[in-house]
Structures are given as C-alpha cells and as structure tokens.
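Shown next, in structure tokens, is the structure this report addresses.
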Protein chains: 2
Amino acid sequence: MTYCVGMMLEGGLVFMSDTRTNGGFDNISTFRKMSIWEAPGERMITLMAAGNLATTQAVKSVLDERSKSPDDRQSCVLRAPSMFQVARLVADTLRDVIAQHANVGQRADSTFNATLILGGQIGDSPPRLFLIYPEGNFIEASPDTPFFQIGETKYGRPILVRAYDPNMSFEAAMKLLLVSFDSTLKANLTVGAPFDFHCYRTDSLRIGATGRIEATDPYFQAVSQGWGDALREALDMLPDFSLRAAT
Amino acid sequence: MTYCVGMMLEGGLVFMSDTRTNGGFDNISTFRKMSIWEAPGERMITLMAAGNLATTQAVKSVLDERSKSPDDRQSCVLRAPSMFQVARLVADTLRDVIAQHANVGQRADSTFNATLILGGQIGDSPPRLFLIYPEGNFIEASPDTPFFQIGETKYGRPILVRAYDPNMSFEAAMKLLLVSFDSTLKANLTVGAPFDFHCYRTDSLRIGATGRIEATDPYFQAVSQGWGDALREALDMLPDFSLRAAT
C-alpha cells in the first residue's frame, strides 16, 4: 500500500508521501514516491504515486526521458503550457503504461493500476492540484475538496476533514499531515516511514522546503506520542453521555 | 455497509451498531443490527451483524426459533453452557446459512457473507466478547485487543485505538463510540444513524442500559459539532513543525 496527501493552502501546496512498497507482507522495501520537476522562475511540478511500483516508476521514467529529449519537447512536463496540459500528459502516460502491461500475460488489469496526485504552478496561473485515475481521467481540487489522498486513505481522513484550514501555515499543515500519517501507520503495516514532503510557496516557481522525516525523528515521535494525550484531553472536553437520560 | 463496535471494559461490555442497510446507493433502509437474548439472573447475550442482511436476519431467526423449540434446547443460545459454546453455535449457524445460499444459483459465495460480534456473560464466568467470521471460526477479545469492529472499520479506528481505556465509565465509552461513529458517518454514506447501543454491567446477568440515538439527538449533535473544535485544539497543543530545521 501507500499513503500520499496533496493539499491546497492559501499559501501554496503541501505534499507528503510514505516510502513503503511491498510485494507481500514479507517483502517490503523503501522507495521514493514523490517526484519533482522545476524550471526555476517558470514552473514547479510535483507528482506522487500509489499503486503498482513498476507502473509508477515507468511513468516517472517516461516523463523524465521526454523532458530530456529534444524531439519530445511538446509532450514534456517542463514544456506543456498549463497545469491542465501537464495533467493530461501525465494521465495519458499513466494509461499507456498500464495498457502495455495489461494486454499481455494472464494477470488482471487491476494488478498494474496506479493513482497519482499531481500539483504545481506554471507562470502567472494559480497553483493547481489534480488526482489522476488509472483510466487516464482526472479531477481537480477546489475550495470544496481542497486535498486529495491516495493509497490507504481511510484511517488518516477524519483528522484531515476536521482540522484542515486553508489559512493554516505550512508548519501547522505539516503537523496535521504527520498526525494523519501516524494514524495510518499505526493501522496498516504496508504504510511506513520515512515520509517525504514538499511545501511549495505560491508564486515562488521553484522547489520549496523538502525533506524526509524518519520514524526516529524527534519531532515526529513527539507528535506521535503527544497526539494520544491530546486526543484524550479533547475527548474529555466533551460532555459524557448520560445513560439515565437514554434508558 | 455497516459499522458496529463491541468493547470490553472493566465494568462490563458496550455495544453499538448503526442501522443503515443498502442494496445500492439509491436503495437504503433502516434495520436493527443488534439482537439481545437474556435469562435474567443467569445469562445475557448480545449479537451484532455486518454483511448480507438476508444472511444476518436468517441467523437471528434460526437462533430465535431454536430458543423457543423444546426439541432444540441443547443448540440454543439460552441453553448452551458457556459463552464459548454460544459462540460455536452462532458461528455454525452463520456458516450453515451462508452455505445454503452459496451452493445454489449463480452468485458468488462472498455475496452472502456476514461477520458477527457476539458478547455476553453466563453465570459465574466472566463476560466474553467474540468476533465471528463467515467461515464459522472466531476469535476472542483480550486485554491486548479489547474491542472489535465490523463493517466500515477504518475511519473510526484511530480514535478508538488512541482513547480506549479499560477503566473508562460507560458514559465515557459511549462518548468515545459516538465520536468513532460520527467520523465513520461523515466518510461513508452507507453507514447511518440511528445508532443502537447496549451497556452491559458485569455480573448483572440482565439487559443493561439500551437505547437508540437518532441523528437529531441533541447530545449526538453536541458531540459531533464539539469534536471538530476539540480536535483542532488538540492539534494546537502539539508543537508546529519547523521547516527551517528540516531543509
């Protein structure tokens, strides 16, 4: 499995991805699931992937190769004129890669599936965030749905739904994401640290704060341990149920 | 879908179940998923069901009929000598009902599946709590795994894992369960109010506080609305991430 979240804030975009991949519970590895392309001062594009690792790596490699080949310039994430065109390009690449493998051999189509979160900004246009499906279609984030999750989305969703605020700082958003990731980590063995992150500041048009947070990171440990206490205190703040009134 | 939780506390057992069943998103109904049998002063047994409604209703009806027929007394939840024997009886009934439907017609076995939570107490033995699988086998709760969830378990799990305390009062446990149900409700349309509950006090050997909590219940609304604020305050209590330290 995988857990990735892409989030739109007033101040920019925040991305976080775990790094665990597994072929069976006894065959786990660490792979980076976040890719970043930039043309400093002109565009910044971040892609995160959940699903079949061969598929997602092939998508990244195809996109990388095209961005280096002079013949393929118009179909390149660094040349496409808008984020919508970048999303179409990435989505088409994803669908093609899946189709190549799905049409040979005996295995089911779904085995090769992957889902992507794509976010970025080009020139004067505002930052945009997309969720790309294995079928090659995609949806875009909006104020109503300001973040996307892929992979093991359920355990970490309630806290995002409740505590997300478009005006929150990158620092607060990172804290919120780490709580969401910690809840997921505790419940699904196939989601694992370290976590890669990228905080992109609107209109900077270059890679922002990026890094990798290990399971042993003192801040992550403080959040993980402190969150249990904080939750219990939050629960204590609510009035208890009255059994007498109910029966 | 469905969401049910059975929980062991120092003081007894707490059960809560939603009431939504659906055959497609446009065909929803309200059904009680909690059944209670008692022989006051001798035993109390509570059963909750997730899965195919025809299967779970058939299981309940078979168990009910047996408890009324003089010939079937030894295979009756009101006569079995121990909670383990009750669990075997219920599990065998579940497996038989599923098998009856799975072996005729064209549909897949899994269509008729159901999973059950069974809890109760008989005589001098301590209360016991079981999770019964459609295959007819089951596991028992213990201090390491003191609660079971069935149905849509993921959204409501993190708060249970973090805030469960075996020494909590029934009133606090009900509050915790309502928060867990509220998180699930907000994320999955096929889980819905009202919620049925039963708080069984150890050694009372009779039905405890039971009732139904509607979506419009003022207490539930207070918990649902208050929890968002409480969560945000809990998050505020944790230190923010430092982007400077990370990059």
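Some notes on this structure:
- Counting the residues of the range A:208-223 that are within 20 Å of the chain's Cα centre (by Cα) and of a type outside the set (Val, Ile, Thr) gives 7.
- Selection status of A:Gln100, open to solvent by 50 Å² or more (accessible area, probe 1.4 Å), of a type outside the set (D, E, K, R) and closer than 27 Å to A:Asp124 by Cα: no
- All conditions but one from (1) open to solvent by less than 40 Å² (accessible area, probe 1.4 Å); (2) within 22 Å of A:Leu13 (Cα to Cα) apply to A:Ser224; the one that does not is (2).
- So B:Glu214, is it of a type outside the set (S, T, N, Q), farther than 30 Å from B:Gly23 by Cα and open to solvent by 50 Å² or more (accessible area, probe 1.4 Å): no
- Apart from one condition, A:Met168 fits all of (1) in contact with a Gly (Cβ under 8 Å, 6 or more places away or on another chain); (2) more than 8 Å from chain B (Cβ to nearest Cβ); (3) over 16 Å from A:Ser82 (Cα atoms); the exception is (1).
- A Cβ distance below 6 Å, combined with a sequence gap of six or more or placement on separate chains, defines the contacts here; from the range B:220-242, residues that are among the aromatic types (Phe, Trp, Tyr) reach residues that are surrounded by 13 or more Cβ atoms within 10 Å (Cβ to Cβ) in the pairs B:Phe220/B:Leu178; B:Phe220/B:Ile213; B:Trp227/B:Val179; B:Phe241/A:Glu171; B:Phe241/A:Met174; B:Phe241/A:Lys175.
- Comparison of B:Tyr155, B:Tyr200 shows that the only residue that is more than 7 Å from chain A (Cβ to nearest Cβ) and among the aromatic types (Phe, Trp, Tyr) is B:Tyr200.
- Residues of the range A:154-185 that are open to solvent by less than 40 Å² (accessible area, probe 1.4 Å) and either among the basic types (Lys, Arg) or closer than 17 Å to A:Thr19 by Cβ (or both): A:Gly156, A:Arg162, A:Met174, A:Lys175, A:Leu177, A:Leu178, A:Ser180, A:Phe181, A:Asp182, A:Thr184.
The values are calculated or read from the model by the stated rules, or taken from the named source; none is laboratory data. From a predicted model like this one, the values you see are computed outputs, not experimental measurements. All Cβ positions, even for glycine, are placed from backbone atoms using ideal geometry, and neighbour counts span all protein chains on display. Note: areas computed on protein heavy atoms with side chains; ligands, DNA, RNA excluded. Shrake-Rupley method; radii C 1.70, N 1.55, O 1.52, S 1.80 Å.
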